[in-house]
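This report refers to the structure that appears directly beneath it.
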Amino acid sequence: MTFIWFRRIALALALGTAQACSSMGVVAPEADQPLAFAPWTADVPGYRLKPGDEIEVRLLYNPEFSDRVLIGPDGRFALSLIGSVRAEGMTADELGVHLRERFSRDLRRPDVVVVPRLYGSQRVIVGGEVASPGVHALPGRVGVLEAVLIAGGFTANARPQSVALIRRGADGRPMLRSLDLQQFLSTGDPSQDVPLLPFDIVYVPRSTIAEINRFVTQYIRGILPFDSGFSYTLSRDLTRGATGTGSTSPAPAAP
């Protein structure tokens, strides 16, 4: 009876995990989105300056005050005539308008143009079941699969069918989208490999079999005297049973 009880718990876990993973295979409609996430939109917001970006400030009629500056970690930079200026979160055009207002206190024709030169914040976060999770620099315009490869590729426990992409929208709220990178690899479907933006988060979840193996290790093997062969058989059979492709007959316990 004890074995049957544990088996029912593990089977319920397998079914729940499989359902959760399959539900992530498509973009959830607005009504089904987790409360913390906004509905996904493909609109790409205009680039906003960030610490580490290098910009050129050109004064068309007063070139002696032009300069090329680096935005510091506090989001500010300094110019000789007007001092400290906050740039983080502004577009280049918005910063130009702000600088014209500042320079107008000292100059008659403070026409200013702001030109981004180097982007120091082209980074994404890749986590979950990848070989080297963490913050990774973008070498250029790359997609989700390329970011996973930059992070060392999938681990053996990865579920590439349900990779999560999290991005902040124009209003600052995070958006969530699920991508099937296995489908992209097999069919080349471009809808399953979205071009990344700076500070996007890519998360690769664990596979169903990995979740079951972890359950077996943490909750079954430490309580009942099953050997590793039994644990593997249990995980394999439960996965097959959850997908309707095989039986769930138990393997014998170790003596």
Exercise. Could you check the simple spin-label distance between TYR47 and SER104, using points 7 Å along Cα→Cβ, in nm with one decimal?
Key: 2.8 nm
Practice problem: State, to one decimal in nm, how far the label point of VAL113 lies from the label point of SER80, with both points 7 Å from Cα in the Cβ direction. | Solution: 2.1 nm
Quiz item: If you line up the Cα atoms of region 106-205 on their principal axes, what length do they span on each, largest first, in Å?
Solution: 65, 25, 23
Quiz item: Taking only C-alpha pairs under 8 Å that are 6+ residues apart, what is the relative contact order of region 92-144 in percent?
Solution: 25 percent
Quiz item: Once phi is turned into ³J(HN,Hα) by the Karplus curve 6.51 cos²θ - 1.76 cosθ + 1.60 with θ = phi - 60°, what whole-Hz value does each residue of region 127-144 show in order, with x for glycine and proline?
Solution: x, x, 8, 10, 5, 10, x, x, 8, 10, 6, 8, x, x, 7, 10, x, 5
Self-check item: Pair-distance profile P(r), taking every C-alpha pair of region 54-118, with 5 angstrom steps and integer %
Solution: 4, 19, 34, 29, 12, 3, 0
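Every number in this text was worked out from the coordinates using simple rules, so none of it is lab data. Note that the structure is a prediction, hence the values are computed from the model and not measured. Note: ideal-geometry Cβ built from the backbone for every residue, glycine included; neighbour counts use all protein chains shown.
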